1. Inside the stretch 449-484, can you point out the residues that are out of contact with any Ser or Thr (no Cβ under 9 Å at 6 or more places or on another chain) and surrounded by 18 or more Cβ atoms within 10 Å (Cβ to Cβ)?
2. Show the residue pairs meeting these rules: Cβ distance below 7 Å; 6+ apart or different chains; first residue within the stretch 306-320 and under 15 Å from Ile282 (Cβ atoms); second residue of a type in the set (Val, Ile, Thr) and open to solvent by less than 10 Å² (accessible area, probe 1.4 Å).
3. On the basis of being modelled with pLDDT under 80, assigned to a helix (DSSP H, G or I), closer than 23 Å to Tyr543 by Cα and hydrophobic (A, V, I, L, M, F, W, C), does Ala88 make the cut?
4. Could you say which residue among Val201, Val262, Val220 is at pLDDT below 95 and either part of a strand (DSSP E or B) or outside the structural domain of Asp325 (by the TED database) (or both)?
5. Any residue in the stretch 506-528 that is more than 20 Å from Gln379 (Cα to Cα), in a strand (DSSP E or B), hydroxyl-bearing (Ser, Thr, Tyr) and under 20 Å from the mean Cα position of the chain (by Cα)?
6. Got a number for residues in the stretch 550-570 being assigned to a strand (DSSP E or B) and either open to solvent by 20 Å² or more (accessible area, probe 1.4 Å) or at pLDDT below 90 (or both)?
7. Hey, Val275 hits all of (1) among the hydrophobic types (A, V, I, L, M, F, W, C); (2) under 20 Å from Pro218 (Cβ atoms); (3) surrounded by 14 or more Cβ atoms within 10 Å (Cβ to Cβ) but one; which does it fall short on?
8. Return yes or no: is Ser499 in contact with a Lys or Arg (Cβ under 6 Å, 6 or more places away or on another chain), open to solvent by 20 Å² or more (accessible area, probe 1.4 Å) and either touching a residue at least 40 places away in the same chain (Cβ under 8 Å) or not in a strand (DSSP E or B) (or both)?
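The values are calculated or read from the model by the stated rules, or taken from the named source; none is laboratory data. Since this is a predicted model, take the numbers as computed values, not measurements. Please note: Cβ atoms are built from the backbone with ideal geometry, for glycine as well, and neighbour counts cover all protein chains shown. These accessible areas exclude ligands, DNA and RNA; they are computed on the full protein's heavy atoms, side chains included. Shrake-Rupley method; radii C 1.70, N 1.55, O 1.52, S 1.80 Å.
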Amino acid sequence: MKRTEVRQTQLEYNNRQTQQVDEFATSLRENAVTNGVFDSAAANDIVVDVINKNTVEVPESLQVVLDEARTGENDGVKNKNQTRIIRAIYDGMNIYESQHGVSVPADVIEHAIHMAYGTTGFARDKMPMSLDSATSAHHDQLSLQPNRAVVAILSALGESIPFAHYLPADISSNEAKLAILTHQAGDAYGMYAQGGSMDGVNCGNHYIDSSRIHALTPAVTTGNIDGKLTTIQATDETCDQGAAAVKLLRGRTILYVNGIPVAQEAGSSGSGNSVMTGSVEISSVTYNIGGNINTDTGVFAITTTPALPDTVPVAVEGFIDYERDEDLIPRLQSGVVTYPLFAKASRGYVNVTPDARSQMSNELGLDPLQESMVALQQQVASERHYRVLAQARRLSVNNQVTFNYDWSNRKTLLNRAEAWRDLSATLGALSQQMAIDTFDHGITHLYIGKYLMADFLGMPSDIFVPSGVTERPGIFRVGRLFGRYDVYYTPKGLTDTTSTAQILCIGRASSVALNPFVLGDAVPTTLIPLGVDKSLKNGTGYYARNFTAVNPHIPSAMGCAVVNVTNIGQ
């Protein structure tokens, strides 16, 4: 059976630290593998040679992790501990790619490194809490710190949400700064107001081009064509007649009739009024064109003999002379808008009685405390993913459509796979609307329930390619639809019946800061021994500080949509 291949994605990173992580990850992919297998010696060479020779700059937070991991009784053990960190990053990248079918973004890797950094003594010194203790009174860095860093990296990469931006938060202040790069018009000019956005669909309006055009129809009875070219191009066809005057290049003005250039200025020297001449034939009638345009003010007064019918569209185009008025030269400006995001604390704990621990250990060979901790970690990761999907459902009301599968009427003519082909057009229109709304991207990910999943898995490979991931009770990637959309199963939150269903659509941005959701951690998942009380219960506490937020940049938050599917039938 054909399976989806890992797609290599090219993303933009406006943050220098994230770019640095991207360069390091690329070097790791290229140098840590020999004949398709992770090579410990090669990984150690990366640690030693790359760091010492600065072949590729190592991210500062990773350098701290590697320095603290270099512990042990001899160089061999020290190198092995450092290699385990590199191996964890490499394995985590592979886990992400196998789960999501695309190469792991650098901001996700940066998040994983930040989680590992949170386990270090350097980070611990910034927070008044014992983050890594063998007992409640003593920290044992030699045995525990490398393990916790490895677990933090693997967990961060394995539990990542594919359309979220991961932003490191400061461990001291709990604050992360989301920076959005924007571009604006520096002046009220052309088709832009001062400070008007030039991003996304707003890009490309009239601004830089020196052309000004004003379309109108001749006056009734006289056929005269009077108007003014100004600084403000109100629409593609008209200038704002109340806006400031412009100085025009002399000898360049053109008159169009029915879109055809039929008259122009007669001379190229002098100042003030400049004569325009020409003629046009319409329905076997020749119309002679005269009059003038003032190249100092942009005002034109044109006559036609005989009178041109008032139904004929006419346009006058001139070109601004910036050498005569430098103040009109348009200015572009770039800016960065920052949004503060703050981490909040999450807590929990697990405990077990000595009798329960002894019984489960002796009869089942299980450690109930460890099993509870695994369940707690899975709970935390699942809660976060479902919370993001709930946020996406709320956002999707801004861009939704109904797709009538109409199986009762179509089943005599088509099989189910053929009927689903029409969904491509619906998703395409919805995706384009998302690209317009976000200024950046369309749909990349779909979430569905079990009934739609069953239909999709039965479709031929030219429509749907399965991921190869076996069914499971939680969220997982089912495959790729129409060669474009990565499809995930979710057991919660969506309408999912044999007659109606919902497809939740989410887009991943080309620039990671523009993703619809922003996640971050100030303190990674921290397990704290609680000690034993008089009941002799042994326990472990869970503590973390993180945030899961809708992108506060409104266009970026519009990266969600929903398809309401009706009349599915079976």
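1. Looking only at the stretch 449-484, we keep the residues that are out of contact with any Ser or Thr (no Cβ under 9 Å at 6 or more places or on another chain), and these are 450, 452-462, 464, 470-473, 483.
Matches in the stretch 449-484: Leu452, Met453, Asp455, Phe456, Met459, Phe464.
2. Val312/Val257; Val314/Ile225; Val314/Val257
3. So Ala88 does not fit the description; no.
4. On the way: Val262 fails: at pLDDT below 95; Val220 fails: either part of a strand (DSSP E or B) or outside the structural domain of Asp325 (by the TED database) (or both).
Being at pLDDT below 95 and either part of a strand (DSSP E or B) or outside the structural domain of Asp325 (by the TED database) (or both) holds for just one of Val201, Val262, Val220, which is Val201.
5. yes
6. Restricting attention to the stretch 550-570, the residues satisfying the condition of being assigned to a strand (DSSP E or B) are 550, 560-566.
Still in the running and either open to solvent by 20 Å² or more (accessible area, probe 1.4 Å) or at pLDDT below 90 (or both): 550, 564, 566.
Qualifying residue count for the region: 3.
7. (3)
8. Values: in contact with a Lys or Arg (Cβ under 6 Å, 6 or more places away or on another chain): no; open to solvent by 20 Å² or more (accessible area, probe 1.4 Å): yes; either touching a residue at least 40 places away in the same chain (Cβ under 8 Å) or not in a strand (DSSP E or B) (or both): yes.
Judged against the criteria, Ser499 is not a match.
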